[in-house]
Amino acid sequence: NAAAIITFNRADKLNAMNWPTLKALEQQLIKAGEDKSVRCVLITGKGRAFSAGGDIAGYTTLQKDPVAFPQFVDDFIRTIGRCRDMEKPVIALINGITAAGGLELILGCDFAWMAESARIGDMHLNYAQIGGAGVMARLPRLIGEYKAKELVFSGRLLKSDECLAWGLVNRVIPDDQLLEEGLKFARGVAEKSPNSVRNVKHVLNRGVETDLPAALRQERERALIHCLTLPDSMEGINAFVEKRKPRWSAAR
């Protein structure tokens, strides 16, 4: 019960995200965020793709609609934001091809692990599109301006060893071990104080979104509030001194 596993299930479409898929993803993220028994969220795909991005075939009508298309993009941005704003870790388990909107989704996760056979790229430009849900804002912050521009302009898919070397993913894992490694990580998170995990994620996320002096102030303020007011903070110290397992309070 430590993890909620969200799996894209449009394998015949390379798990491309149409509007119903996007809405279902958002609802699953909301459900996982509200379930206090869930300590970690894992997102993956069925078949040979994590997600090839938006459903290009559907864009033949959607992208002609000046009302519906901006709403779709806004819904996508909001859904990615739910990954980032959730008070528990959200991990992308990249099982296969990941492109365009699929890349934007993993950039909204806390980090990404990748199967050895998987591939990641942007590919918007291959179809005269440009990303609108974070690839041009978040990708340079993650891997640097030069590498981000190369990936976007080339439109190519990177192999797993390249993704690891570029800093696009944290780990490369044998295909048949990807999910189990994700579950193992979730079990480790479940052993930690849920309120402490929440505070750490908040500080880390806000820190990279501002300048260093402001980030340091935010870190100090949250650390003092955490250590002085959260019972789990003292429980962790007492458990260490008494050589026992800590008994954490319920998630707030």
### Query
Between a first residue in region 224-252 that is assigned to a helix (DSSP H, G or I) and a second residue that is among the charged types (D, E, K, R), which pairs have beta carbons less than 8 Å apart while being 6 or more apart in sequence or on different chains?
GLU235/ARG247; ALA239/LYS245; ALA239/ARG247
### Message
So PRO194 ticks every box in (1) under 22 Å from GLY45 (Cα atoms); (2) buried (at least 16 other Cβ atoms within 10 Å of the Cβ); (3) of a type outside the set (A, V, I, L, M) but one. Which box is left unticked?
### Response
(1)
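Picking from ARG141, ARG187, ARG119, ARG171, which residue would you name as being charged (D, E, K, R), within 22 Å of ILE80 (Cβ to Cβ) and in contact (Cβ under 8 Å) with a residue 60 or more places away in the chain?
On the way: ARG187 fails: within 22 Å of ILE80 (Cβ to Cβ); ARG119 fails: in contact (Cβ under 8 Å) with a residue 60 or more places away in the chain; ARG171 fails: in contact (Cβ under 8 Å) with a residue 60 or more places away in the chain.
The conditions single out ARG141.
In region 180-195, is there at least one residue being in a helix (DSSP H, G or I), over 30 Å from ASN95 (Cα atoms) and not aliphatic (A, V, I, L, M)? Please lay out each step first, then the result.
Residues of region 180-195 that are in a helix (DSSP H, G or I), as a first pass: 180-190, 194-195.
Remaining after also requiring over 30 Å from ASN95 (Cα atoms): 195.
Within this subset, residues satisfying the condition of being not aliphatic (A, V, I, L, M) are 195.
Yes; the residues of region 180-195 include at least one that is in a helix (DSSP H, G or I), over 30 Å from ASN95 (Cα atoms) and not aliphatic (A, V, I, L, M).
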### Query
Across region 111-143, what is the total count of residues that are in a loop (DSSP other than H, G, I, E, B) and either at pLDDT below 95 or under 17 Å from ARG156 (Cβ atoms) (or both)?
13
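Specify which of the listed residues (LEU179, LEU151) is touching a residue at least 24 places away in the same chain (Cβ under 8 Å), surrounded by 17 or more Cβ atoms within 10 Å (Cβ to Cβ) and more than 30 Å from ASP35 (Cα to Cα).
Details: LEU179 fails: more than 30 Å from ASP35 (Cα to Cα).
Answer to the check: LEU151.
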#### Entry: Selection from region 97-119 of residues that are crowded, with 24+ Cβ neighbours inside 10 Å and closer than 16 Å to MET17 by Cα
THR98, ALA99, ALA100, GLY101, GLY102, LEU103, GLU104, LEU105, ILE106
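For region 15-30, which positions are part of a helix (DSSP H, G or I) and over 16 Å from GLY81 (Cβ atoms)? Full working, then the answer.
Applying the first criterion (part of a helix (DSSP H, G or I)) to region 15-30 yields 19-30.
Of everything in region 15-30, those that are part of a helix (DSSP H, G or I) and over 16 Å from GLY81 (Cβ atoms) turn out to be TRP19, PRO20, THR21, ALA24.
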### Task
Spot the failing condition for ASP74; the list is (1) more than 18 Å from CYS163 (Cβ to Cβ); (2) touching a strand residue (DSSP E or B) at 6+ places or on another chain (Cβ under 9 Å), and only one is missed.
(2)
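Identify, from the list LEU103, LEU42, LEU107, LEU93, the residue that is in a helix (DSSP H, G or I), under 27 Å from GLN177 (Cβ atoms) and either charged (D, E, K, R) or touching a strand residue (DSSP E or B) at 6+ places or on another chain (Cβ under 8 Å) (or both). Even if it seems obvious, please write down each step before you answer.
Working: LEU42 fails: in a helix (DSSP H, G or I); LEU107 fails: either charged (D, E, K, R) or touching a strand residue (DSSP E or B) at 6+ places or on another chain (Cβ under 8 Å) (or both); LEU93 fails: in a helix (DSSP H, G or I).
It is LEU103.
Name the residues in region 74-93 that are among the β-branched types (Val, Ile, Thr) and crowded, with 16+ Cβ neighbours inside 10 Å, would you? Quick ask: steps written out before the conclusion?
Applying the first criterion (among the β-branched types (Val, Ile, Thr)) to region 74-93 yields 77, 79-80, 90-91.
Those that are among the β-branched types (Val, Ile, Thr) and crowded, with 16+ Cβ neighbours inside 10 Å: THR79, ILE80, VAL90, ILE91.
The values are calculated or read from the model by the stated rules, or taken from the named source; none is laboratory data. Computed from a predicted structure; not experimentally measured. Glycine also receives a Cβ, built like all others from the backbone with ideal geometry; neighbour counts cover every protein chain displayed.
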